[in-house]
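The values are calculated or read from the model by the stated rules, or taken from the named source; none is laboratory data. Small disclaimer: the values here were computed from a predicted structure and weren't measured. Backbone-built Cβ (ideal geometry, glycine too); neighbour counts: all protein chains shown. Side chains are part of the model used for accessible areas, which takes the heavy atoms of the whole protein and leaves out ligands, DNA and RNA. Shrake-Rupley method; radii C 1.70, N 1.55, O 1.52, S 1.80 Å.
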Amino acid sequence: GESVGLHLPTLSVQEGDNSIINCAYSNSASDYFIWYKQESGKGPQFIIDIRSNMDKRQGQRVTVLLNKTVKHLSLQIAATQPGDSAVYFCAENIGAGTALIFGKGTTLSVSS
Amino acid sequence: DTAVSQTPKYLVTQMGNDKSIKCEQNLGHDTMYWYKQDSKKFLKIMFSYNNKELIINETVPNRFSPKSPDKAHLNLHINSLELGDSAVYFCASSPPVTVSFRNTQYFGPGTRLTVL
């Protein structure tokens, strides 16, 4: 079936660098996308979301970009910190109350 | 003041046993979910309840039976546990569709189930 996937299973960066985590989705009916952060031993934590009628959304140190033409989603983290080390998942959704479809996750490692 | 809580956090049991995992949310949400995360960190939906009614039931063995006594609770009962059931199980909840277009789901801390 259709699913959301991430391009790279791991990403290693230096503290202070900007990080970009990519995700490709295949369901053109998806109209809502979320990025989650999962630290070791914890549940996924909401970072930022974007609706399909937007191309870009900014939060604190994070930006999500959506390219519907190529069905691509990215998460940019500015000035990456050691505390950003975690597994990052993108998820797509086709409607409120329905399940999120998760990608496989990218493990971000930040070294000092 | 945990938003979505699960008990127990760890569960170690023998094959063939029956076990339950409990989930509670105090966010006032009306939809709750169970997800399974395998050893490769892949998260997949199992069930979803809206106002105590089952709305999503993915291809899950009927040994798994969710129960929602009220809209703040969604428990997961597993019969005749098998080795392949070992995983981390996450409960999540989302707000009413009348409140938010966005289906933002908030996750509990997870229950790590190990079947020996």
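Below are the figures for this structure:
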item: Yes/no for A:Ser30 being assigned to a loop (DSSP other than H, G, I, E, B) and crowded, with 19+ Cβ neighbours inside 10 Å; result: yes
item: Residue in the stretch B:58-94 that is nearest to the other protein chains (Cβ to nearest Cβ), counting only those that are surrounded by fewer than 17 Cβ atoms within 10 Å (Cβ to Cβ) and of a type in the set (Lys, Arg); result: B:Lys67
item: Single residue of the stretch B:27-42 satisfying the filter (at the interface with another protein chain (Cβ under 9 Å from one of its Cβ atoms) and under 11 Å from the mean Cα position of the chain (by Cα)) that is nearest to A:Gly105 (Cα to Cα); result: B:Gln37
item: Only listed residue being over 27 Å from A:Thr106 (Cα atoms), facing chain A (nearest Cβ under 9 Å) and in a strand (DSSP E or B), chosen from B:Ile21, B:Ile45, B:Ile55; result: B:Ile55
item: Candidates A:Ile50, A:Ile20 - the one that is open to solvent by 20 Å² or more (accessible area, probe 1.4 Å) and assigned to a strand (DSSP E or B); result: A:Ile20
item: Any chance A:Ser12 is open to solvent by 30 Å² or more (accessible area, probe 1.4 Å), in contact with a Ser or Thr (Cβ under 9 Å, 6 or more places away or on another chain) and within 30 Å of B:Asn57 (Cβ to Cβ); result: no
item: Residues located in the stretch B:3-18, provided they are on the phi < 0 side of the Ramachandran plot, open to solvent by less than 70 Å² (accessible area, probe 1.4 Å) and away from chain A (no Cβ under 11 Å); result: B:Pro8, B:Leu11, B:Thr13, B:Asn17
item: Conditions (1) over 14 Å from the mean Cα position of the chain (by Cα); (2) assigned to a strand (DSSP E or B): number failed by B:Pro96; result: (2)
item: Some residue of the stretch A:67-87 being at the interface with chain B (Cβ under 8 Å from one of its Cβ atoms), under 25 Å from B:Gln6 (Cβ atoms) and part of a strand (DSSP E or B); result: yes
item: Tabulated pairs, the stretch B:95-108, first within 7 Å of chain A (Cβ to nearest Cβ) and over 17 Å from A:Ala91 (Cα atoms), second open to solvent by 10 Å² or more (accessible area, probe 1.4 Å) and at pLDDT below 90, C-beta under 7 angstrom, 6+ apart or interchain; result: B:Val97/A:Ala96; B:Val97/A:Gly97
item: Verdict on A:Gly41 being in a helix (DSSP H, G or I) and surrounded by fewer than 19 Cβ atoms within 10 Å (Cβ to Cβ); result: no
item: Restricting the stretch A:26-65 to residues that are within 24 Å of B:Lys40 (Cα to Cα) and among the hydroxyl-bearing types (Ser, Thr, Tyr), the residue that is farthest from the other protein chains (Cβ to nearest Cβ); result: A:Ser26
item: Subset of the stretch B:65-105 [of a type in the set (Phe, Trp, Tyr) and either at pLDDT 95 or above or in contact with a Pro (Cβ under 9 Å, 6 or more places away or on another chain) (or both)]; result: B:Tyr89, B:Phe90
item: Residue that is most open to solvent (accessible area, probe 1.4 Å) [pool: residues in the stretch A:97-112 that are touching a residue at least 40 places away in the same chain (Cβ under 8 Å) and assigned to a loop (DSSP other than H, G, I, E, B)]; result: A:Lys104
